[in-house]
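Data block below; observations after.
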Amino acid sequence: MKRVLLLLLTLSLLALRADEPVSKLNGAFRQVKNKFGTMTDWKPRDSVTVIKVFRDGYWLGAYYNDKRKGRRWFDGACGGTYALKNGKYEETVGYYSWDSTAVGKAYSFDYAISPKQYEQYGKMTSDKYKDYPINEVCDRITAAEPLKNNALEGVWFMQEGYWGGTSRFGEGNYKDFQVVKIFSYPMVVYAYYNPKTRQFDGAGGAMYQFDGKTLTETNEFWSWQPDGSRKGNVESFKMTLENGRFVQEGWSGKLREVYAKAN
């Protein structure tokens, strides 16, 4: 009987070790080195900035250049959902600007997470990237000051959107689109994409602070203005939160967005 109990306890501990809560990865990270494709040596990431943001089972990655201004300043973005199962980091691609054939595919990576770093090792396969090795080491992005109010922390999906012109969320060019916004302090990131057509429209990201009423964003990247001129811009938005939703208003009355928290 004691042996049976010991075996059950051992199996339970292994199960706990194998499947970890997705919140273990919550945070924002900046890539410091990589080994992609046929590369045999690690390459420091010194020109293009690569960030990966995790929150509660959702992720977003983006490539942009802090030092280069011009047409190729923004290189692309991707994202989707993830789980930590059987000792692996498993991600499903919901949008991928470089190759739409990757959308919907799931990939499994070895991973390591610490208070300072995130690492992942594995391969992806799509029409463009065949059995393509992806090995990355990222440092955690730390905040200059504590978050004043954490009510926005989490994953949100747009329900309504108006930007002062003729475009509205869910209509015209944005029919059947999804917009996800991920707050994982100190970063907020968001992406516009069509899950039916696998079309990627754009993405943005910023360092953020929230005091309970006002959201302040310091821009990191914004694909709709890919020359990098928006980098460093500071914008403030009025925020109203109620019953698992928030309303974001700004741009001198031209912007109004309504989001609901992901389940």
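Where a number appears in this text, it was derived from the coordinates with a stated rule and is not lab data. All values reported here derive from a predicted model rather than from experimental measurement. Glycine gets a Cβ as well: all are built from the backbone with ideal geometry, and neighbour counts include every protein chain shown.
Rounded to the nearest Å, what's the spacing between the alpha carbon centres of region 121-156 and region 89-105? Just the number, please.
14 Å
Region 167-227: which chymotrypsin sites (Phe, Trp or Tyr not before Pro) are DSSP loop and have at most 11 other beta-carbon atoms within 10 angstrom? Walk me through the numbers before you get to the answer.
Numbers: sites: Phe169, Tyr174, Phe177, Phe183, Tyr190, Tyr192, Tyr193, Phe200, Tyr208, Phe210, Phe221, Trp222, Trp224; in loops: Phe169, Phe177, Trp224.
When the chymotrypsin sites (Phe, Trp or Tyr not before Pro) of region 167-227 are filtered for loop state and at most 11 Cβ neighbours within 10 Å, Trp224 remain.
Past the 21 Å Cα-Cα mark, which pairs from Lys196/Lys231; Lys116/Lys238; Lys148/Lys181?
Details: Lys196/Lys231 31 Å; Lys116/Lys238 33 Å; Lys148/Lys181 19 Å.
Result: Lys196/Lys231; Lys116/Lys238 exceed 21 Å.
Round to the nearest 10 and give me the degree value, 0 to 90, for the angle of helix 2-18's Cα axis relative to the longest principal axis of the chain.
30 degrees
Output needed for the chain: three equivalent-ellipsoid semi-axes, defined as square roots of 5 times the C-alpha gyration tensor eigenvalues, in descending order, whole Å.
Semi-axis lengths for the chain are 32, 23, 19 Å.
What is region 40-179 by shape, rounded, prolate or oblate, if you read a ≥ b ≥ c off the alpha carbon gyration tensor as root eigenvalues and call it rounded for a/c under 1.5, prolate for a/b larger than b/c, and oblate otherwise?
The shape class here is rounded.
Quick check on region 24-113: what does the Kirkwood estimate of hydrodynamic radius come out to from the alpha carbon pairs, in Å?
The answer is 14.3 Å.
For region 143-263, what is the Kirkwood estimate of the hydrodynamic radius, computed as the reciprocal of the mean inverse distance between distinct Cα atoms, to one decimal in Å?
Here the Kirkwood hydrodynamic radius works out to 14.9 Å.
Quick one: longest stretch of the chain between exposed loop trypsin sites (Lys or Arg not before Pro), exposed meaning at most 15 other C-beta atoms within 10 Å and loop per DSSP?
1-66
Run the reach check for Lys35 against aspartates and glutamates, Cα to Cα strictly under 13 Å, same-chain hits fewer than 8 apart removed. What comes back?
Lys35 reaches Glu119, Glu136.
If you place +1 on the Cβ of every Lys and Arg, -1 on the Cβ of every Asp and Glu, and leave all else neutral, what size is the dipole of the chain about its Cα centre, to the nearest 20 Debye? Show your work: numbers first, answer last.
Details: 38 positive and 30 negative charges, 73 e Å.
Once rounded to the nearest 20, the dipole reads 360 debye.
Out of region 36-116, which chymotrypsin sites (Phe, Trp or Tyr not before Pro) are coil in DSSP terms and have no more than 13 other C-beta atoms within 10 Å?
The qualifying sites are Trp42.
Using 1/(1 + (r/R0)^6) with R0 = 30 angstrom and r between the beta carbons of Glu160 and Asp110, what's the FRET efficiency to the nearest 0.05?
0.15
I'd like the Kirkwood hydrodynamic radius of region 148-191, using the inverse of the mean 1/r over distinct C-alpha pairs, in Å.
On the way: mean 1/r = 0.0847 Å⁻¹.
Final number for the Kirkwood radius of region 148-191 is 11.8 Å.
What net charge do the residues around Ile134 carry, taking every other residue with its C-beta under 10 Å from that of Ile134, with Lys and Arg at +1 and Asp and Glu at -1?
+1
Where does the chain land at 222 nm, in deg cm²/dmol rounded to the nearest 500, when only DSSP H runs of n ≥ 4 count, each adding -39500 (n - 2.57), divided by all residues? Walk me through the numbers on the way to the answer.
Numbers: 1 runs with 17 residues, N = 263.
-2000 deg cm²/dmol, from helical runs alone.
Which one of Ala62, Val180, Asn149 is farthest out on the positive end of the charge dipole of the chain, using unit charges on Cβ (Lys, Arg +1; Asp, Glu -1) and the Cα centre as origin?
Farthest towards the positive end: Ala62.
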